[in-house]
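See below for the structure under consideration.
The values are calculated or read from the model by the stated rules, or taken from the named source; none is laboratory data. All values derive from a computational prediction rather than experimental measurement. Please note: Cβ atoms are built from the backbone with ideal geometry, for glycine as well, and neighbour counts cover all protein chains shown. These accessible areas exclude ligands, DNA and RNA; they are computed on the full protein's heavy atoms, side chains included. Shrake-Rupley method; radii C 1.70, N 1.55, O 1.52, S 1.80 Å.
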Amino acid sequence: MLTRVKSAVAGFMGGIMTGGSTGGGGNPCSELPLKFPYMRPEFLGLSPDEIECSADHIARPILILKETGRLPWATGYAEVINAGKSALNEDQACCEVVVARRRPVSYCPPSTPSKTPIAKRRSSLPNGEGLGLRMVHSKLGEESEGLVFHYWALFDGHAGSGAAVVASRMLQHHIACQLQVVIEILRNLARLPPTVLGEEPDKCPYLQGDTPGPHRALTRAASLRGAAGAPGSPCTTPPPPRFFTEKKIQHESLVIGAIENAFKEMDAQIEREKQVYNISGGCTALTVVYLLGKLYVGNAGDSRAIIIRNNEIIPMSTEFTPESERQRLQFLGFMQPHLLGNEFTHLEFPRRVQKKEVGKRMLCRDFTMNGWAYKTIEDEDLKFPLIYGEGKKARVLATIGVTRGFGDHDLKVHDSNIYIKPFLSCCPEVKVYNLMQYEHGADDVLVMGTDGLWDVLSNQEVAEAVTTFLTNCDPDDLHRYTMAAQDLVMRARGVLRDRGWRITNERLGSGDDISVFIIPLMYGNRQP
């Protein structure tokens with residue numbers, strides 16, 4: 001089993017290399033066509049030659065926006081390829097202004113991107129001039145027909161870039177599709193969402209807990225004696241409930257639900273289309289949706305988003321790793337042991353159990369525990385742990401280091417028939433930030449980054465770097481956020497020395513792909 005584990009790790013890393021070597025990020029052994037060709041983010045405006053030159057693992061050039069007006073809110077973006085982990089940059093990014101149109105509930109997003117010219121789908125300048133939000137409305141006729149939302153997303157691929165490329169093209173359409181069902185409800189913020197779509201909650205008085213009328217002051221004693229509507233009571237009028245019978249669902253919960261369902265639909269689409277297209281590997285996903293004055297940050301994976309406001313750091317995501325999701329994974333292995341293939345144990349030990357330790361008592365924990373306790377070792381405990389390693393070296397089934405995202409439907413433990421996918425989740429955690437509650441300054445930003453950034457820089461280091469850089473820039477310079485993103489990527493990549501890429505204090509720099517958005521929040525306060 002130990003030999004298999006070593007081979008699994010080597011095989012998975014090898015799969016990353018080979019998966020990233022094809023032109024479209026697909027499986028080089030597959031004869032299926034690519035769903036989408038490999039490319040860098042569309043908003044960078046790179047030519048094929050520039051894309052090829054960007055894949056230099058020695059120089060590792062940092063790519064930035066050529067034109068600030070290409071992204072809404074003067075958003076800054078920068079990226080750099082890895083130091084040789086894979087032939088291609090397996091990160092993908094997307095930023096658009098999307099219109100969720102009114103459609104029948106049965107409407108599905110197109111299988112290919114919208115043919116609408118990109119200029120009509122985006123706000124060009126952050127101050128609303130040029131192709132501003134209102135012009136998007138007027139051109140598409142959506143003022144009375146839909147909702148407009150701003151969308152930023154980062155996808156970190158592994159074992160190939162296929163899943164990341166597809167998700168970067170399609171996830172925003174799934175979000176728009178899910179929002180279409182609740183457009184009218186979201187437009188009317190003065191009324192709570194109805195429990196049954198199409199019904200007016202006020203029309204049924206017995207669904208309310210404060211129903212006016214003669215029965216409102218019904219006491220517990222009266223109900224026990226046989227109050228109105230009780231068996232034997234002379235009155236047949238049904239009594240009002242003594243407690244609220246419905247939860248009050250807020251409008252933001254509908255947006256959260258739409259994003260959660262969109263993630264599930266995206267993963268299902270990848271699974272379906274793998275039958276007819278070459279879609280390699282899997283990817284994590286970090287998205288930000290701005291809608292009706294609020295930011296909705298959805299994360300499935302180990303990328304991260306933080307808000308820097310008035311020198312305060314507000315975490316807007318939680319990384320999902322084998323360690324952070326240990327209890328969920330162990331519970332699944334405990335409830336469905338067949339998923340472990342009789343080769344793994346759901347229990348966790350501080351190290352591998354040895355044959356000579358059978359009968360001894362060793363520290364152990366299962367899904368019910370945060371602490372540790374001693375357990376008498378049995379032969380069953382000699383199996384390889386479901387979760388093994390710590391930090392960035394932690395793996396699920398000795399194979400993969402992330403636990404949420406899209407794709408990986410065919411991924412198996414090396415040289416076995418044990419599938420990894422049942423332990424992976426596409427469900428995001430969605431956090432909400434109300435932009436309207438604060439007046440944001442020019443230096444208040446949201447930073448999104450793939451794990452290549454956060455592996456070497458802490459929240460505090462990122463916040464200090466961004467704040468210092470922006471403070472030294474002209475507040476009216478729209479390039480300041482792109483330059484801040486470039487500076488951040490440069491700090492994480494470091495400088496190539498004899499001993500590899502090095503950052504401050506001679507620490508090891510990031511050898512991973514790095515992608516960063518810096519989103520100024522003050523423009524959210526200016527939206528109508």
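What number of residues within segment 279-305 are farther than 30 Å from Tyr388 by Cβ, open to solvent by less than 10 Å² (accessible area, probe 1.4 Å) and either part of a loop (DSSP other than H, G, I, E, B) or among the aliphatic types (A, V, I, L, M) (or both)? Total satisfying the criteria: 6. Number of residues in segment 371-395 that are loosely packed, with under 11 Cβ neighbours inside 10 Å, within 23 Å of Phe423 (Cβ to Cβ) and either free of Cβ contacts under 8 Å to residues at least 12 places away in the same chain or over 36 Å from the mean Cα position of the chain (by Cα) (or both) equals 1.
Filtering segment 421-453 down to residues that are open to solvent by less than 20 Å² (accessible area, probe 1.4 Å) and assigned to a helix (DSSP H, G or I), which residue is farthest from His409 (Cα to Cα)? It comes out as Leu435.
For segment 454-485: of the residues being in a loop (DSSP other than H, G, I, E, B), touching a residue at least 12 places away in the same chain (Cβ under 8 Å) and of a type outside the set (Asp, Glu), which is nearest to Ser317 (Cα to Cα)? Break it down into steps so the answer makes sense when it comes.
Taking segment 454-485 first, the residues in a loop (DSSP other than H, G, I, E, B) are 455-458, 472-479.
Next, from what is left, pick out any that are touching a residue at least 12 places away in the same chain (Cβ under 8 Å): 455-457, 475, 478-479.
Okay, now just the ones that are also of a type outside the set (Asp, Glu), so 456-457, 475, 478-479.
Details: Val456: 18, Leu457: 16, Pro475: 28, Leu478: 27, His479: 27 Å.
Once the filter is applied, the top-ranked residue is Leu457.
Taking first residues from segment 188-209 that are open to solvent by 90 Å² or more (accessible area, probe 1.4 Å) and partners that are modelled with pLDDT of 85 or more, the Cβ contacts under 9 Å between residues at least 6 apart in sequence or on separate chains come to Leu189/His251; Leu189/Leu292; Arg191/Ile185; Thr195/Ile249; Leu197/Val181; Leu197/Val182; Leu197/Ile185; Asp202/Arg191. Scanning segment 71-102 for residues that are open to solvent by less than 10 Å² (accessible area, probe 1.4 Å) and of a type in the set (D, E, K, R), which turns out nearest to Leu46 (Cα to Cα)? Selected residue: Glu79.
Go over the candidates Asn417, Asn370 one by one and state the one that is out of contact with any helix residue (DSSP H, G or I) (no Cβ under 7 Å at 6 or more places or on another chain), polar (S, T, N, Q), assigned to a loop (DSSP other than H, G, I, E, B) and more than 30 Å from Val430 (Cα to Cα).
Asn417
The residues of segment 296-309 that are of a type outside the set (Phe, Trp, Tyr) and under 28 Å from Gly401 (Cβ atoms), listed by number, are Val297, Gly298, Asn299, Ala300, Gly301, Asp302, Ser303, Arg304, Ala305, Ile306, Ile307, Ile308.
Taking every residue in segment 329-350 that is without any contact (Cβ under 8 Å) to a residue 40 or more places away in the chain and assigned by the TED database to the domain that holds Arg361 and pairing it with any residue that is assigned to a loop (DSSP other than H, G, I, E, B) and crowded, with 20+ Cβ neighbours inside 10 Å, at least 6 positions away or on another chain, the pairs with Cβ-Cβ distances below 6 Å are Phe334/His346.
Screening Val402 with (1) over 21 Å from the mean Cα position of the chain (by Cα); (2) touching a residue at least 24 places away in the same chain (Cβ under 8 Å) gives one miss only, at (1).
For segment 320-340, filtered to residues that are open to solvent by less than 30 Å² (accessible area, probe 1.4 Å) and not in a helix (DSSP H, G or I), the residue that is nearest to Gly391 (Cα to Cα) is Pro322. Restricting the first member to segment 33-53 and to residues that are β-branched (Val, Ile, Thr), and the second to residues that are part of a loop (DSSP other than H, G, I, E, B), the beta-carbon pairs closer than 9 Å and six or more apart or on different chains are Ile51/Tyr38; Ile51/Met39; Ile51/Arg40. I'd like to check something: does segment 349-360 contain any residue that is in a strand (DSSP E or B) and open to solvent by 30 Å² or more (accessible area, probe 1.4 Å)? No, there is no match, as no residue in segment 349-360 is in a strand (DSSP E or B) and open to solvent by 30 Å² or more (accessible area, probe 1.4 Å).
Could you tell me which residue of segment 486-527 is least open to solvent (accessible area, probe 1.4 Å), considering only residues that are among the basic types (Lys, Arg), outside any strand (DSSP E or B) and assigned by the TED database to the domain that holds Gly293? Break it down into steps so the answer makes sense when it comes.
Restricting attention to segment 486-527, the residues satisfying the condition of being among the basic types (Lys, Arg) are 491, 493, 497, 499, 502, 507, 526.
Retained after the next criterion (residues that are outside any strand (DSSP E or B)): 491, 493, 499, 507, 526.
Filter once more, keeping what is assigned by the TED database to the domain that holds Gly293: 491, 493, 499, 507.
Working: Arg491: 109, Arg493: 36, Arg499: 155, Arg507: 88 Å².
Looking at residues that are among the basic types (Lys, Arg), outside any strand (DSSP E or B) and assigned by the TED database to the domain that holds Gly293, I get Arg493.
Residues in segment 396-411 that are among the β-branched types (Val, Ile, Thr) and within 14 Å of Leu340 (Cβ to Cβ) were compared, and the one that is surrounded by the fewest Cβ atoms within 10 Å (Cβ to Cβ) is Thr399.
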